[in-house]
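Presented below is the structure to which this report refers.
The values are calculated or read from the model by the stated rules, or taken from the named source; none is laboratory data. On a predicted model such as this, the values are computed, not experimentally measured, just so you know. Here Cβ is always computed from backbone atoms with ideal geometry, including for glycine, and neighbour counts include all displayed protein chains.
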Amino acid sequence: MEALARLRNCPMSARKMRLVVDNIRGKSVDDALNILKFTNKEAAIWLEKVVLSAVSNWANKSEVVNPEDYKLKIKTAFVDGGSSIKRFRPAPHGRANRIRKRMNHVTIVVENQVNIEE
């Protein structure tokens, strides 16, 4: 069984977020949370919330009390670029430089490795 969690319009560039997402892709949820806890990047804080949300979504979907018994694994994790807010900053000789404040969308899919008996 799979469960999905999405984070939309995260105020960080997709390139910075992908550096951290690449570290947790394909890992077990426990390993991923340990990696995120000790990663010294802002993206790790956002991703930890998304992974915990995916685990919670899986528990609600499967109606299981304790998700730790089913060895959850991050099946897919990817980051897409979102919209960007455009600002202008003054430049020399009367020109203006554009500043792009980028956003991204994070999607994480969690699945169990131990079958659920009903």
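Restricting to the range 13-42, and then to whatever is within 12 Å of the chain's Cα centre (by Cα) and closer than 11 Å to Val79 by Cα, can you tell me which residue is surrounded by the most Cβ atoms within 10 Å (Cβ to Cβ)?
If we take residues in the range 13-42 being within 12 Å of the chain's Cα centre (by Cα) and closer than 11 Å to Val79 by Cα, then Met17 is surrounded by the most Cβ atoms within 10 Å (Cβ to Cβ).
If I ask for residues that are assigned to a loop (DSSP other than H, G, I, E, B) and over 24 Å from Ala54 (Cα atoms), which ones from the range 92-118 would you list?
The one that is assigned to a loop (DSSP other than H, G, I, E, B) and over 24 Å from Ala54 (Cα atoms): Arg95.
Please identify the pairs in which a residue from the range 95-110 that is more than 17 Å from Asp22 (Cβ to Cβ) has its Cβ atom under 9 Å from the Cβ atom of a residue that is among the polar types (S, T, N, Q) and part of a strand (DSSP E or B), counting only partners at least 6 apart or on another chain.
That search, which allows pairs on different chains as well, returns Arg100/Ser84; Lys101/Ser84; Arg102/Ser83; Arg102/Ser84; Met103/Asn9; Met103/Ser83; Met103/Ser84.
Can you spot a residue in the range 74-91 that is farther than 26 Å from Asn9 by Cβ and either in a helix (DSSP H, G or I) or small (Gly, Ala, Ser) (or both)?
Filtering the range 74-91 for residues farther than 26 Å from Asn9 by Cβ gives 90-91.
Now drop any that are not either in a helix (DSSP H, G or I) or small (Gly, Ala, Ser) (or both), which leaves 91.
So far as the range 74-91 goes, yes, one or more of its residues are farther than 26 Å from Asn9 by Cβ and either in a helix (DSSP H, G or I) or small (Gly, Ala, Ser) (or both).
Restricting the search to the range 46-101, which residues are surrounded by fewer than 11 Cβ atoms within 10 Å (Cβ to Cβ), at pLDDT 95 or above and either aliphatic (A, V, I, L, M) or touching a Pro at 6+ places or on another chain (Cβ under 7 Å) (or both)?
Of everything in the range 46-101, those that are surrounded by fewer than 11 Cβ atoms within 10 Å (Cβ to Cβ), at pLDDT 95 or above and either aliphatic (A, V, I, L, M) or touching a Pro at 6+ places or on another chain (Cβ under 7 Å) (or both) turn out to be Ile85, Ala91, Ala96.
Of the residues Ala14, Ala5, Ala43, only one is modelled with pLDDT of 95 or more and in contact with a Ser or Thr (Cβ under 9 Å, 6 or more places away or on another chain); which?
Sole residue among the options that is modelled with pLDDT of 95 or more and in contact with a Ser or Thr (Cβ under 9 Å, 6 or more places away or on another chain): Ala5.
Name every residue in the range 82-116 that is touching a Lys or Arg at 6+ places or on another chain (Cβ under 9 Å) and among the charged types (D, E, K, R), in order of residue number.
Those that are touching a Lys or Arg at 6+ places or on another chain (Cβ under 9 Å) and among the charged types (D, E, K, R): Lys86, Arg87, Arg89, Arg98, Arg100, Lys101, Arg102, Glu111.
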